[in-house]
Every structure is written in C-alpha cells, then in structure tokens.
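A short worksheet on the structure shown next.
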Amino acid sequence: MYMRNIILLLLIGTASLVSAQQPEEVYTKPLTEVLKTVEKKYQVKLQFDDKNVKGLNVKYATWQFTGNVEKTLDNILKPLYLVYKKTAANSFEIIKYEYFRRSEEEGARHLQELLSLYSSAEAFSNRRSELRECIFRTLGINRFADKPKLNPITRSRRTMNGYIVENVAFESIPGYFVCGTLYRPAKAKGPLPVILSPHGHFYNKIDQSIPDERGRYRPDMQYRCAALAKMGAIVFNYDMYSWGESVLQTGNKSYHKTGFALSIQTWNTMRALDFLLSLPDADKKRVGITGASGGGTQTFLATALDDRITVSVPVVMVSSSFYGGCQCESGLPIHDECNGHKTNNAEIAAMAAPRPQLVISDGNDWTKSVPGTDFPYLQKVYGLFGKESNVENVHLPNDQHDYGFSKRVPMYRFFAKTLGLDLKAITGKDGNIDESGITIEKSDDMLVFGKNPLLPENALRSHEAIVKVFEDVQSNIVKYPK
C-alpha cells in the first residue's frame, strides 16, 4: 500500500510537470539534433560551420518536416537567420543569412526590373535625382549644409623620382581630421587633373617581402598614387573612418564597422574633393576617383552623388548581387526602396552615366557576374544617353580580389585617355608599364601626426563627440569661428 501511494505520487508529479510545459517547449529541439534527423530522413549530406549552429534551437521541430527537403530546410533555417545552398545532387551547405548578398540570378532579375523604369535618358535622370535624395537622406548628409573651413595641415615633404609626397590632414567637420598622403608631379605645371584614391579593407597576402601595411599605407595604394602623380595628376590617398590615424580620434577600430562610418566616409570623400579643388593648380574639369573593394564602394557612391567627379574607375566591387560585407558599406539602408523600388550597386554605378567609367572585375569574387550581367546593364543605361562607349569593362577571370598590377595597368591607360595624363612617364623601354621607379614607404613615414602623435588642441576625442558634431554640421547649427 505504501509503495503504491509513492508510485501514484510520482506519476501525479510527472503528469503535472508535463502538463505545465508549453507546446513550444515540448516540441523544441537543438538544431544540431534536427539537422541529423534531416540527413537521415531525406538521405542528404548537410555541411555547416559548428559555430553557426551551436546553441540554436528549433521551435516545434517535429512539425517543420514536409515531403520536400528544401521546403523542410526553409522551415527550419529561416527563423534562425540561416540559409542553405545546394552544392551537389544530395548535398547542401548551411550558412548565415547575409542581407547584403543575393544570388546572381536575383541580381540579374533586379536589373531587368530597373531597366523597365527608364526607357529614355530623361527617365533615368529622374530616377537618378530620386536616388540621390534618398541616399543623402539615409546617410544623414545635408548637401546644402554650410561647409566648415578645411584648415589643412601639411607636413614632411619628400621629393621622389618624378613626384613629390606630403602628409596632409584637413578638418571635414570642426575638430575631426581626415589624414592622408598627397602626391603631385615633380615638374608639371597646372592646371593639373586631380584624383581621389580611397582604400579598401584587404591587405598583402602574396608577396611576403612586402611589409603587411594596410589601408592607405598598402604598397598597391602607394604604387597607383605615385604612378598617377608621375603621369601628371595630383592624387590624394586618405584614411577611412576609424582606420589608420583616424583611430587616434575615435579610440577604437570597431567604429569603422558601423553605419555611421558609411555616412562620414562619404562626407569625407566629398570634403577631400573640396580640398583637392582648393589647390591653386587643380583643374576642376578633370576629376577622377578610383578604389578597390570598400574603396570601390566609395568610388561609385561618391561619383553617383557628386557631379564634380568626371571620371571613375571602381575596382572589384560593382555587382547587382552584393552590397558590401562591411557595415561601413551596407550598414545603412541606402539600397532600400526609393519611390517603390530598391536599388543595388550596379544601378548606383550607373548613376555616373554618361561620364566615362571603367569597371574592373575578376573571376574569384562577386564581380564574376560583371561581364554577363552588370556590364550589359551599364551599357544599356549609357546607351540611353548615346554614350555606350563611355563605359568599359576589363574582366580578369583568373585574378583575385585586390588592386594588383594587372588591374592598375588598365586603370593607368584609362586615366591617360580620359584625363590627358602622360602614360609615357611610367612606360619602360620595352613598351610596358614600369612601376620600378616608385618608392614604397613605411607607414610611419606617411603619418601626419607622427609615431608619437600629438593631436591639435581642438581635436575631437571620441566617436560619440564626432557623431554629435557631424549631426550638428548637417543641421547647420554649428557656429564656425570667423
């Protein structure tokens, strides 16, 4: 009798425990367990990185299964912001959902949708005006805001073989200094074309004899800036936000990977152009810009927003299916709907039309779609203006995601043609482009404020302070000293 009562109490307790559970608890299982069940049930192989699935649970797990493996994977993965791609007949790879990435097919369909919006140059011009307003608004940039004085600082002038280098900083907003390196011809007389050279995020991985310098200090950055200066241009190579010397004011590199970085970097590029065009020997009618990867984003974005730029060369970045993996490129919804239609980087690049543009792409990143999808779209847009020949594409199917020599050569030729630069200045006796006369400096030599930096007294000292002054500038509430 005693034992029977004990058993009865245990059964009642267990029943109470079960009845107290909610259905979602009863049917919830670890994702790793559910994926094993999927493999067994559908006889498929699932590949995934453990860190992407660890600790995740599937609610109502047993109810997510259907007669179709792909539908089942959709049910299981989408609520967890995971997606899959088919890698073989019975094999799937599970990856994190990336809002900034689409399939090439989706990108191509989007371009066809966009082309249906504009059947004439006037229609595209109207679309461009709409996009500009939407992008400026999303970035928080008031293009009619009063611009503060640049107050440039120039230091450490060096004379090289055919060009001169100086370390330069200017205030893009009061107290925030954009630091960079200015290259100019050693002997050429003005007016001279000017070229902006924003940097990307990649770094030297191949030539181990070259120091692992990043950002504007990378050897490929120095090569292209110096070569263009030898050819007769004034070139400015500058730090992105919270990168390089900019970290002196933000205090932490992590602020580069923010949506605010996209805003202020775009503003800084426009202010860098203000600086270049303020030089007494600058030619306001010959203005170029080129950069790769994240620098490519700045290249086509600045060109889309600023008509002062007359020629552009975006490298390994233009794509209808990829918006940029760094929040400094896609951290704000500039690609979101504008008057009912989303945009993409190919359309933003098309906003340069009919100004000359060279798109350089490769076969080992998202720009592999350029020859078959994005470039034909660009040609059609330029064709609306009767200027299809003004847009060109150099595709290097065996190249990597970089701004290597094979990409710099067509850029040099394009700028020589469109900006009237002297290609012979960097051409060897064998008729090939020769960069051997260029000095690759260490990053310490390129610093404006030095290895033991002493910032100006008015320098802002935190990311939060920079955001506040930036917003005040855009609101026209900053009082500038007379």
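The values are calculated or read from the model by the stated rules, or taken from the named source; none is laboratory data. These figures come from a predicted structure and were not determined experimentally. Cβ sites come from the backbone with ideal geometry, for glycine too, and all protein chains shown count toward neighbours.
General remarks:
- Selection status of Lys451, in the same structural domain as Gly251 (by TED's automatic domain parsing) and not in a loop (DSSP other than H, G, I, E, B): no
- Residue list for segment 31-50, restricted to those being in contact (Cβ under 8 Å) with a residue 24 or more places away in the chain, in contact with a strand residue (DSSP E or B) (Cβ under 6 Å, 6 or more places away or on another chain), of a type outside the set (Val, Ile, Thr) and in a helix (DSSP H, G or I): Leu31, Leu35
- With respect to the stated conditions, Arg127 fails to be within 26 Å of Cys326 (Cα to Cα) and either surrounded by 14 or more Cβ atoms within 10 Å (Cβ to Cβ) or under 24 Å from the mean Cα position of the chain (by Cα) (or both).
Yes/no per residue for (1) among the hydrophobic types (A, V, I, L, M, F, W, C); (2) out of contact with any helix residue (DSSP H, G or I) (no Cβ under 6 Å at 6 or more places or on another chain); (3) at pLDDT below 95:
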residue: Thr66; (1), (2), (3): no, no, yes
residue: Leu80; (1), (2), (3): yes, yes, yes
residue: Lys85; (1), (2), (3): no, yes, yes
residue: Ala88; (1), (2), (3): yes, yes, yes
residue: Arg109; (1), (2), (3): no, yes, no
residue: Pro148; (1), (2), (3): no, yes, yes
residue: Pro152; (1), (2), (3): no, yes, no
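- Contact map, segment 313-326: first residue within 9 Å of Phe100 (Cβ to Cβ), second residue among the aromatic types (Phe, Trp, Tyr) and part of a loop (DSSP other than H, G, I, E, B), Cβ cut-off under 7 Å, separation 6 or more or different chains; pairs are Phe322/Phe100; Tyr323/Phe100; Gly324/Phe100; Gly325/Phe100.
- Residue check, Gly251 surrounded by fewer than 20 Cβ atoms within 10 Å (Cβ to Cβ) and at positive phi: yes
- The condition (being free of Cβ contacts under 8 Å to residues at least 40 places away in the same chain, surrounded by 14 or more Cβ atoms within 10 Å (Cβ to Cβ) and closer than 25 Å to Tyr323 by Cα) is satisfied by just one residue among Leu82, Leu56, Leu115: Leu82.
- Residue in segment 408-422 that is among the acidic types (Asp, Glu), buried (at least 18 other Cβ atoms within 10 Å of the Cβ) and outside any helix (DSSP H, G or I) present: no
- The condition of being more than 13 Å from the chain's Cα centre (by Cα), outside any helix (DSSP H, G or I) and at pLDDT below 95 holds for Ser242.
- One residue from Glu435, Glu457, Glu471 being more than 25 Å from the chain's Cα centre (by Cα) and surrounded by 14 or more Cβ atoms within 10 Å (Cβ to Cβ): Glu435
- Identity of the residue in segment 332-387, assigned to a loop (DSSP other than H, G, I, E, B) and among the small types (Gly, Ala, Ser), that ends up surrounded by the most Cβ atoms within 10 Å (Cβ to Cβ): Ala352
- Residue count, segment 297-331 (criterion: surrounded by 21 or more Cβ atoms within 10 Å (Cβ to Cβ), out of contact with any strand residue (DSSP E or B) (no Cβ under 8 Å at 6 or more places or on another chain) and assigned to a loop (DSSP other than H, G, I, E, B)): 3
- Inside segment 344-367, residues that are of a type outside the set (A, V, I, L, M, F, W, C), closer than 18 Å to Ser293 by Cα and touching a residue at least 40 places away in the same chain (Cβ under 8 Å) make up a count of 8.
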